[in-house]
Structure formats: structure tokens, C-alpha cells
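Quick notes on the structure that follows.
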Amino acid sequence: MKQIFLCAINNILSGTCQEDCKFCTQSVRYHADIERYTYKEISQIVEEAKLAKANGALGYCLVTAGKGLDDKKVDFVAKAAKAIKLEIKDLNLIACNGTATIEQLKYLKENGLDSYNHNLETSQRYYAKICQTHTWDERYTTCENVKSVGMALCSGGIFGMGETQLDRDDLLNAIASLNPESTPLNFYHPNPALPIKTRNIELEESLTIISKARSLLGDKTLLMVAGGRELLFTGKEKEMFSAGANAIVIGNYLTTEGTEPNKDKNMLKALGYKVATSCDTY
């Protein structure tokens, strides 16, 4: 029986980013109607991690808005990770904090982070169309830094932002070149405040992307359908898993609502899948 891995994300610093990524409601430039706050209390983050674990999550991602890590941010994420690891066993901790140096990543690893998520987002060619305040090459370098310090790499992208088929293929090839341990596939969720007004991808194209990603990445990579899943795959989850996905995000995303975890678990049971209980089983 196929096992599906569950992951939860926690937006521990929200809506304060100065970058101009046209797909992101957390940029202050676009004044999207989202909840904005500075650092959450660590005790709250730990309680939310306990809830995620109780809901079946094996991965738990600590996300901060902003281009990348600085001294304050890296210290906060490290403290949060240590606090979580003291109280919760067998939870794979992931940091998602933007661009990062080798030294910063070593520090996070030393303090209990198992994995680092940094998405390439789109092709190198198309990136300048959606972001001018930093480069695609910076993103790729951060991913290389993650591998160099021995952390597990989680890297994927977003589809449906106006890119071409060639851009999609180039993105998947670039992700595969990094040999990530896990890859989240996100599908653009339009917001009226953002410059990208519509999503140029539908179900069949999305299933093709999942299938291509599985073929390129091989059987060992966790292939996760993340943001936008509810918009494209509700009622079509069997096709999504059959195409090659074997992981999903449960609960809410960074600034958009997701599916209630029990509803997802019931969906998996109805489809004949088991919820994975250990990363060692993969």
C-alpha cells in the first residue's frame, strides 16, 4: 500500500518582506490583505508543532518572510528548533528562511534543523520577469550551500505564473540538477493585490508536471504537492498520487487556507493510502 507523507508549515514571521516577487502576498509592496506580524512566541511555535505531529505530520517547516537570514533571524530559528526538539521526538525540522550562507546553515544544523527549504520558483530565464530585487542565481547558490553542509535539501517551484512550457521544463531540470531530498510543487494562487492576476495552468498540465518531476527526480525523492493543491486537485487526488506525488502539506499555508488535517486523512483512507509514520520507511 502506498504511503503518503504529511508536512505542516508554520509562518513564524509574516508579511514583512521588502522584496518584489510578483507571486508573493508577503511582500509589503503589494499591500495584500494578509495577517502581518513579527516573531511568534517560541512557546506558541512549540505548541503548534505538537498539534502538527498529532495530526500526522512528519515534517515541520519554520518559515520567515524576507529575502534571507540575518543574525537575529538565524538565532531565532535556531532557538525555536532547539525548543521543539526538546519536547517532540521524530519530527523532521525544516527551515525556510530565504538565502543563506554556509556559516548560517551550519549553525542551523548544529541547533537541530534537519532540512532547508529554498525554492528556485521558476526558470532562470523567466525569473527576472517576476522578481527584480534579487537573482535566480542567488537562490541556486543557497541550494548548493545546503548540500555542502550536509543538510537535506528541499527545493521546488511554482507553476502557473505566466511561464512557458520551456520555462517549466527548465525549472524541473534545474531542480533535478540539485538532487534534492524533497521537492514541493506549488501551483499559483492568484490574489487581487498581486501583479500576476491569473493562473495559466489547469489540471492536466499540472498532472504532467508531477509525472515529469517524478521521472527526473527518481523514486527516492519525496514529491510534495503544496500550495494551490485545493484549487486544482480537490476531488482529483487519486490522479495526483498516481502521477507520482507521495507527500502533501496539511493545514494552512503561509497566507492562504488549506484543508483541515482530518479531512485530508479521511481522503487518503478512502483512496486506500496509508499515512506514513516514519521517514525511515521511505
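The values are calculated or read from the model by the stated rules, or taken from the named source; none is laboratory data. Please read these numbers as outputs of a predicted model, since none were measured by experiment. Every residue, glycine among them, receives a Cβ derived from its backbone with ideal geometry; neighbour counts consider all protein chains shown. Note: areas computed on protein heavy atoms with side chains; ligands, DNA, RNA excluded. Shrake-Rupley method; radii C 1.70, N 1.55, O 1.52, S 1.80 Å.
A few remarks follow.
- In region 91-197, the GluC sites (Glu not before Pro) that fall in loop regions by DSSP, at most 13 other Cβ within 10 Å: none
- Set of region 1-29 residues, backbone N closer than 19 Å to the point 7 Å along the Cα-Cβ line of R36: 11-29
- For the chain, with all protein chains in place and a probe radius of 1.4 Å, 51% of the accessible heavy-atom surface sits on carbon or sulfur.
- What the Cβ-Cβ distance of E230 and N179 gives, at R0 = 22 Å and to the nearest 0.05, is a FRET efficiency of 0.15.
- With an a/c value under 1.5 for the gyration tensor axes a ≥ b ≥ c computed over the alpha-carbon atoms, the chain is described as rounded.
- Selected from A54, A247, A128 as most flexible by GNM, with the chain as the system and alpha-carbon contacts under 10 Å: A54
- Taking only the C-alpha atoms of region 116-173, Rg followed by Dmax gives 11.6, 35 Å.
- The simple Förster model, with R0 at 41 Å and r as the Cβ-Cβ distance, assigns E205 and A83 a FRET efficiency of 0.45.
- Cross-linked pairs K212/K274; K2/K220; K50/K236; K53/K236: Cα-Cα separations exceed 19 Å for K212/K274; K50/K236; K53/K236.
- Residue-span extension gain [T133 to E47] - 0.36 nm each, minus C-alpha spacing: 27.4 nm
- Average accessible area per residue (Å²) across region 1-134 - probe 1.4 Å, nucleic acids and ligands excluded: 44 Å²
- Charged side chains reduced to their Cβ positions (Lys and Arg at +1, Asp and Glu at -1) give the chain a dipole of some 380 debye around its Cα centre.
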